[in-house]
Every structure is written in structure tokens, then in C-alpha cells.
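The values are calculated or read from the model by the stated rules, or taken from the named source; none is laboratory data. Quick caveat: nothing in here was measured; it's all calculated off a predicted structure. Methodologically, a virtual Cβ is constructed for each residue, glycine included, from the backbone with ideal geometry; neighbour enumeration extends over all protein chains shown.
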Amino acid sequence: MSEYVKDKVVIITGGSNGIAASTVSLCLEKGAKVASLDIVDAEATTNESLLNIHCDVSSEEACNNAVKQVVEKWGTVDVLVNCAAVMDNMERTSDCATSTWSKVIAVNVNGPFYLSRAVILQFLTKTNAHKGSIVNIASTAGIKGGDAGVAYTTSKHAVIGLTKTTAWMYAKDGIRCNVLIPGGVRTNILENSKAKLDPIGSQILGPIHQTMPGWLEPIDVARAIVFLAGATGVNGAQWTIDHGWSVA
């Protein structure tokens, strides 16, 4: 697996925890240079292969500046992993506040769009055949209607749409874009919102959540990300990683 990211410059969003943190560690282990973007300030590091950048992915300016910093440090970008995301509170459409909707869409949809656009502009300056790779992280909420509330579900459907159009539009330019669709992963994204969960939405979704065959660990998803980052020829793929939950 090391050849997939060895000597590559990889940007990973949400790098301070969960799937993204595991991906940062795995990419470094496999010989990549990694820029970890997060709204949470990281501790100082002496690792020359790691660049921590404070970045609010919902800000177009912050995303553009982050990519600029990476190019200034390492001269290029090879891989983008759009992993940063926020959860909703399991609200139905009629119960979802505009503030919740706006925040979830800003982070989960606008962020991947801003960063994809910025790195694609860098990819297109290259002369080699394989110019770059984008790996987006969706969710089984992006292919079903019973996993989360309206805002998160809509956002993850949008990420899959972003993946499809990017993969097709740039296929002849040597730019690949794929999406991973995890089921339940042991991260803090849901733990952080448990106290605010909507009781009606949670009651409706609860029986579906109980059918989940098992939990994933962040490293399970990270390994798939590293593979897709360098798997030449794999483009527009939608990979579910959910113990078979979505095929029930």
C-alpha cells in the first residue's frame, strides 16, 4: 500500500480526529507529505513531513489560502482528502433550523467544493499523465434516507454528486475523483451532538440504526482512502464500507 502515497503531497481536512486523523497517520507512515487542515489548532510538530494548517473549510478564502500554503511549502499537491464534516441533530425537514442547515451545508458541501476547485487548478498545471486524485468522504446517509437528519443526509448526497461530476469532467485530464461511503464509524462526530439530538427524529431513525451489523474503526476507512489516493484507473467509484448494512 505504501506506493499509493509514497512521496506524494496529500491534503487532508478535519485532520485532528476520527477518520482524518487516522488517514494523516497512515499517509505519513507510508511516506507521504501531509497537510492536515482543521479548525482546531494542532500542537506544534517537528515532523518535516507534516504541515498543520488552521482552516475553516466553510470559508472560500481559508480554503484557497490553505492550498496556497501547501504549494509554497512543497511545490505541488497530489491528493486531496475531503474528510471534515459536521453532524446535524437528526431533525426532520419541518424541524430543522435554518442555522443548522446552513452550517452543515457550509462545512460538508461548500468545503469540499472550495478545496476541490483549488486543487484541480493546481492539478491542471501539471504535464504528467496522472495529475491528481481527490477522495471524498460521504456516508450511508448519502445513499439512504434513514441514517441521519435532513441537513446531513442532503449534504452527503451532494458530496456523491460532486464526486460524479468531477470524475467525469476531468477524466481525460488525468484527474481522478472517488467517494467512500462509510456506515457507522467510532468517532466523536455523533458523541459531540448527542445532547442536542432531536427526540422525534431520533425515535424514527433509531430502529434503522439498530440494524447496523457492526461499527467501523477509523483506520478501516483510512486504508481505503490511501488505496483510492493512488489507484490509477479507479475513477468515479462509490465504495461502501459498512459491513453490508446498505444492501439489507
Next on the checklist: Among the residues in the stretch 59-82, are any of a type in the set (Val, Ile, Thr), at pLDDT below 95 and assigned to a helix (DSSP H, G or I)?
Outcome noted: no
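For the stretch 26-38, name all the residues that are out of contact with any Phe, Trp or Tyr (no Cβ under 6 Å at 6 or more places or on another chain), surrounded by 17 or more Cβ atoms within 10 Å (Cβ to Cβ) and touching a residue at least 24 places away in the same chain (Cβ under 8 Å).
To start, the set of residues in the stretch 26-38 that are out of contact with any Phe, Trp or Tyr (no Cβ under 6 Å at 6 or more places or on another chain) comprises 26-32, 34-38.
Those left that are additionally surrounded by 17 or more Cβ atoms within 10 Å (Cβ to Cβ): 26-28, 30, 32, 34-38.
Residues satisfying the conditions are 26, 27, 30, 32, 34, 35, 36, 37, 38.
Quick check on the stretch 88-102: of everything there that is of a type outside the set (A, V, I, L, M, F, W, C) and free of Cβ contacts under 8 Å to residues at least 24 places away in the same chain, which residue is farthest from residue 162 (Cα to Cα)?
Here the answer is 94.
Anything in the stretch 195-216 that is free of Cβ contacts under 8 Å to residues at least 40 places away in the same chain and assigned to a loop (DSSP other than H, G, I, E, B)? List them, or say none.
Going through the stretch 195-216, the residues free of Cβ contacts under 8 Å to residues at least 40 places away in the same chain turn out to be 195, 199, 203, 206-207, 210-216.
Residues satisfying the conditions are 210, 211, 212, 213, 214, 215.
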Next on the checklist: Looking only at the stretch 217-230, how many residues end up being surrounded by fewer than 18 Cβ atoms within 10 Å (Cβ to Cβ) and either part of a strand (DSSP E or B) or β-branched (Val, Ile, Thr) (or both)?
Outcome noted: 1
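Could you say which residue among 138, 158 is buried (at least 20 other Cβ atoms within 10 Å of the Cβ), under 28 Å from residue 199 (Cβ atoms) and of a type in the set (A, V, I, L, M, F, W, C)?
Working: 158 fails: buried (at least 20 other Cβ atoms within 10 Å of the Cβ).
Sole residue among the options that is buried (at least 20 other Cβ atoms within 10 Å of the Cβ), under 28 Å from residue 199 (Cβ atoms) and of a type in the set (A, V, I, L, M, F, W, C): 138.
Select from the stretch 119-151 the residues that are farther than 21 Å from residue 90 by Cβ and either part of a loop (DSSP other than H, G, I, E, B) or in contact with a Lys or Arg (Cβ under 8 Å, 6 or more places away or on another chain) (or both) and list them in ascending order.
Of everything in the stretch 119-151, those that are farther than 21 Å from residue 90 by Cβ and either part of a loop (DSSP other than H, G, I, E, B) or in contact with a Lys or Arg (Cβ under 8 Å, 6 or more places away or on another chain) (or both) turn out to be 123, 124, 125, 126, 127, 128, 129, 130, 131, 132, 133, 134.
Does any residue of the stretch 219-230 turn out to be within 21 Å of residue 107 (Cβ to Cβ) and out of contact with any helix residue (DSSP H, G or I) (no Cβ under 8 Å at 6 or more places or on another chain)? Steps first, answer last, please.
Residues of the stretch 219-230 that are within 21 Å of residue 107 (Cβ to Cβ), as a first pass: 221-222, 225.
Retained after the next criterion (residues that are out of contact with any helix residue (DSSP H, G or I) (no Cβ under 8 Å at 6 or more places or on another chain)): none.
No, the stretch 219-230 contains no residue that is within 21 Å of residue 107 (Cβ to Cβ) and out of contact with any helix residue (DSSP H, G or I) (no Cβ under 8 Å at 6 or more places or on another chain).
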Next on the checklist: When you scan the stretch 191-213, do you find a residue that is surrounded by fewer than 20 Cβ atoms within 10 Å (Cβ to Cβ) and touching a strand residue (DSSP E or B) at 6+ places or on another chain (Cβ under 7 Å), even just one?
Outcome noted: no
Next on the checklist: Residues to consider are 85, 106; find the one that is among the small types (Gly, Ala, Ser), farther than 19 Å from residue 229 by Cα and without any contact (Cβ under 8 Å) to a residue 60 or more places away in the chain.
Outcome noted: 106
Next on the checklist: Can you tell me which of (1) part of a loop (DSSP other than H, G, I, E, B); (2) surrounded by 14 or more Cβ atoms within 10 Å (Cβ to Cβ) is the one residue 233 doesn't meet?
Outcome noted: (2)
Checklist entry - Checking residue 49 against (1) touching a Phe, Trp or Tyr at 6+ places or on another chain (Cβ under 9 Å); (2) of a type outside the set (Phe, Trp, Tyr); (3) more than 25 Å from residue 181 (Cβ to Cβ), which test does it fail? => result (1)
